[in-house]
Amino acid sequence: MADIMMQPPLDAPIPGHSLTKELGSRPWQQPAQYTTVEDALDYYIPRLESEEVTEQLLDVLEMGIPVTTVANTMQLGSVMEGKHSVDVGMLILPVLVELIMLIADSAKVEYTSGLEKDKKMRGSLVDLAVSKFNEEKGMKQDLPISEVDDEPLKVTASSSSGLMSRSI
Amino acid sequence: MLTNPTAIMHQNLSMAMKNTPEEKEVSKNTLMGPPKKQMTKAKEDDILQPSRRIASYIDTIQKKREEIKNG
């Protein structure tokens with residue numbers, strides 16, 4: 001995984017590549033076809049329910065590809081086709097995940113949701129901080145008592161006077 | 001770099017669903033009538049939010065999934 005991350009992104013577009021086509025020539029540069037969450041879901045739900053798509057979806061899930069990846073790919077593709085905006089795509093992502101899981105559950109197919117508590121999956125800083133704290137807490141508990149607190153705490157007398165006052 | 005925000009979106013929405021305040025019974029001015037559930041202005045506005053609508057859809061789908069799992 002680390003090796004993949006270290007490779008230079010040679011297949012990335014060169015700077016200014018997006019300016020080589022006329023503005024508005026791409027589908028995502030046009031006004032979105034479905035502007036509300038409901039409209040976008042009305043577009044997705046019949047597609048997901050169709051037999052052809054369901055079979056392909058279940059095949060993909062059986063291969064071990066997480067539901068979150070499938071849902072994100074679907075919405076990203078629709079954004080590129082100009083079906084809906086990125087904002088609507090973000091909003092409907094959780095619904096797509098639940099819908100895909102519902103289809104998989106009804107077909108009794110085992111799948112990876114991609115929502116498991118994992119450091120790599122969680123981008124939330126709060127989650128990371130909590131897991132780090134728990135790890136440190138666990139490490140401290142593992143240490144023998146003598147190593148944790150050898151020296152008693154020394155109470156130092158702090159001067160209650162201000163900075164400008166005369167030292168006693 | 002974050003390339004798939006799905007898990008975070010799902011988590012945030014789940015947390016928002018858990019933290020939703022419940023309806024409170026607000027007694028009306030009628031002395032003899034039973035207390036009725038009254039929607040506040042904030043609650044009405046809340047329903048208009050896309051995130052709240054999404055939360056209601058997710059809740060429905062999750063209930064369906066539970067039904068399927070439990071047979």
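Here A:91, A:102, A:58 are screened, and the one residue that is without any contact (Cβ under 8 Å) to a residue 60 or more places away in the chain, in a helix (DSSP H, G or I), more than 22 Å from residue B:13 (Cβ to Cβ) and not charged (D, E, K, R) is A:58. Annotation note: Cβ proximity below 8 Å between a residue of the stretch B:39-64 that is facing chain A (nearest Cβ under 10 Å) and a residue that is modelled with pLDDT under 85 (sequence gap 6+ or interchain) occurs for B:51/B:16; B:53/B:47; B:55/B:16; B:55/B:17; B:55/B:20; B:58/B:17; B:59/B:17.
If you check residue A:82 against the conditions, is it of a type in the set (Gly, Ala, Ser) and either within 21 Å of the chain's Cα centre (by Cα) or under 26 Å from residue B:53 (Cβ atoms) (or both)? Don't jump to the end; show me each part of the working.
Values: of a type in the set (Gly, Ala, Ser): yes; either within 21 Å of the chain's Cα centre (by Cα) or under 26 Å from residue B:53 (Cβ atoms) (or both): yes.
So residue A:82 fits the description; yes.
Collect the residues in the stretch A:93-114 that are within 15 Å of residue B:5 (Cβ to Cβ) and at the interface with chain B (Cβ under 7 Å from one of its Cβ atoms), keeping them in residue-number order. Answer for the stretch A:93-114, where residues must be within 15 Å of residue B:5 (Cβ to Cβ) and at the interface with chain B (Cβ under 7 Å from one of its Cβ atoms): A:93, A:94, A:95, A:97, A:114.
Suppose the filter is in a loop (DSSP other than H, G, I, E, B) and either at pLDDT below 95 or surrounded by fewer than 23 Cβ atoms within 10 Å (Cβ to Cβ) (or both); does residue A:77 pass it? No, not satisfied.
Just checking, which of A:64, A:114, A:24, A:82 is touching a Phe, Trp or Tyr at 6+ places or on another chain (Cβ under 7 Å) and either β-branched (Val, Ile, Thr) or assigned to a loop (DSSP other than H, G, I, E, B) (or both)?
A:82
Of the candidates A:40, A:12, A:32, the single residue that is in contact with a helix residue (DSSP H, G or I) (Cβ under 8 Å, 6 or more places away or on another chain), more than 9 Å from chain B (Cβ to nearest Cβ) and not in a helix (DSSP H, G or I) is A:32. Within this structure, residue B:27 fails the test of being more than 7 Å from chain A (Cβ to nearest Cβ) and at pLDDT 85 or above.
If you go through the stretch A:43-55 and keep only what is in a loop (DSSP other than H, G, I, E, B) and in contact with a strand residue (DSSP E or B) (Cβ under 7 Å, 6 or more places away or on another chain), you end up with nothing.
Out of A:12, A:32, which single residue is surrounded by 15 or more Cβ atoms within 10 Å (Cβ to Cβ) and more than 30 Å from residue A:106 (Cα to Cα)?
Working: A:12 fails: surrounded by 15 or more Cβ atoms within 10 Å (Cβ to Cβ).
Answer to the check: A:32.
The values are calculated or read from the model by the stated rules, or taken from the named source; none is laboratory data. Predicted model, so just to flag it, every value in this text is computed and none were measured. For neighbour counting, all protein chains shown are included, and Cβ atoms are generated from backbone atoms with ideal geometry for every residue, glycine included.
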